[in-house]
1. Quick one: which strands (runs of 3 or more DSSP E) sit completely within the stretch 137-208 and have at least 2 residues that are among the acidic types (Asp, Glu) and within 14 Å of the ligand (Cβ to nearest atom)?
2. Return the total of residues in the stretch 69-79 being within 17 Å of Tyr166 (Cα to Cα) and more than 9 Å from the ligand (Cβ to nearest atom).
3. Restrict the check to the stretch 244-260 and report whether at least one residue is in a strand (DSSP E or B), hydrophobic (A, V, I, L, M, F, W, C) and within 16 Å of the ligand (Cβ to nearest atom).
4. Which of the residues that make up the stretch 263-294 are within 12 Å of Asn244 (Cα to Cα) and either surrounded by fewer than 18 Cβ atoms within 10 Å (Cβ to Cβ) or free of Cβ contacts under 8 Å to residues at least 12 places away in the same chain (or both)?
5. Within the stretch 23-39, does at least one residue satisfy the condition of being within 18 Å of the chain's Cα centre (by Cα), in a loop (DSSP other than H, G, I, E, B) and either over 13 Å from Ala112 (Cα atoms) or free of Cβ contacts under 8 Å to residues at least 60 places away in the same chain (or both)?
6. Take the residues in the stretch 211-228 that are surrounded by 18 or more Cβ atoms within 10 Å (Cβ to Cβ) and not in a loop (DSSP other than H, G, I, E, B); name whichever of them is farthest from the chain's Cα centre (by Cα).
7. Just to be sure I understand, how many residues within the stretch 81-96 are closer than 20 Å to Thr250 by Cβ and either more than 9 Å from the ligand (Cβ to nearest atom) or more than 13 Å from the chain's Cα centre (by Cα) (or both)?
8. Being loosely packed, with under 12 Cβ neighbours inside 10 Å, of a type outside the set (D, E, K, R) and out of contact with any Asp or Glu (no Cβ under 6 Å at 6 or more places or on another chain) is the filter here, so list the residues in the stretch 177-199 that pass it.
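Read-outs throughout are calculated quantities, based only on the coordinates presented, and are distinct from any laboratory measurement. Just so we're clear, the structure is a prediction, and the values are computed from it rather than from any experiment. Cβ placement follows ideal geometry from the backbone for every residue including glycine, while neighbour counts extend to all protein chains displayed.
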Amino acid sequence: MTHVDLPASIRPTWLDSARLMPALQIRNTHCDALVSLQGAQLLSFRAAGQKPLLWLSEQAAYLPGKAIRGGIPLCFPWFGPHAADPQKPAHGFARQREWTLWQAREQADHTALAFRLSDDDATRALWPHAFVATLTLTLGATLSVTLQVENTGSTAFRFSFALHSYFPVTDIESVRVEGLEAQGFIDQLQNDARCPAEQAAIRFSRETDRLYEGAGGYYRIVDEAGDGSIRIAAPSCHSAIVWNPWTEKTQRLADMANEAWRHMLCVECGNAGRDTIELAAGQQRAFRLQLSRD
Ligand code: BG6
């Protein structure tokens, strides 16, 4: 799995009984977390004394190459369907590939893990560019996820991405999302129609799949039927995607229980659509997401 020496707070484990899906269990004085090597995907995070921060489907499938439904999958190097070829995997290949653990460090107030994925024959067949992506998880009383992308080739490329966070909610019909009131959005359920700003917090009463571009990066999910809220801060991510599959779409998703839509919500931070990033040869950029409960 790794040649990195693991500090005492990190224990290797498996997600499946066939031992095909390696993972790391992190337990320090501030939090508990579980990370899948496939996708460098954080699957669970709970700060000491708090409720879980992330939602993970009870019916998630743990199969090599299949995206795991929950936690924080990374969509990269494109978000959504591939623009030119619908046969290519939705949301890119990063969440389907096993990443390498590159660094693991224990500090007084957090454990930091850095994972890497770089181009190889399989990635170049899907996306003909040389890159190194580094995903760093900082696991303490709060959670931060940093994606750094470096163009290691000799020509510029463009990429989009999203940190596709799944959050648990008590009842989606009693949830509001603050921070996008003044933003127009693209409705991905209406042929990408551009819709004007609603001038109100987002509420949910049907399937919702919206892409907000040029957004501020600071949001709050208020769980009115539960207690407290979740704060999202990602000022270098100018796109936000707000998704709940509701009833019918959930039935079409084999890795979600029929009633699970009521108890989850995705508020994703990235740069997609008009916010797509261009990287010159040799250039690198980093994007940070911080999540906490209050
Ligand atoms: C969201 C998209 O980001 O991800 C939705 O906006 C999509 O359109 C959802 O349905 C889940 O995608 P997937 O590939 O994980 O089933």
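1. Fully inside the stretch 137-208 and qualifying: nothing.
2. Selection size over the stretch 69-79: 5.
3. No: the stretch 244-260 contains no residue that is in a strand (DSSP E or B), hydrophobic (A, V, I, L, M, F, W, C) and within 16 Å of the ligand (Cβ to nearest atom).
4. Across the stretch 263-294, the qualifying residue is only His263.
5. yes
6. Asp223
7. Count: 2.
8. Once the filter is applied, which keeps residues that are loosely packed, with under 12 Cβ neighbours inside 10 Å, of a type outside the set (D, E, K, R) and out of contact with any Asp or Glu (no Cβ under 6 Å at 6 or more places or on another chain), the stretch 177-199 yields Ala182, Gln190, Asn191, Pro196.
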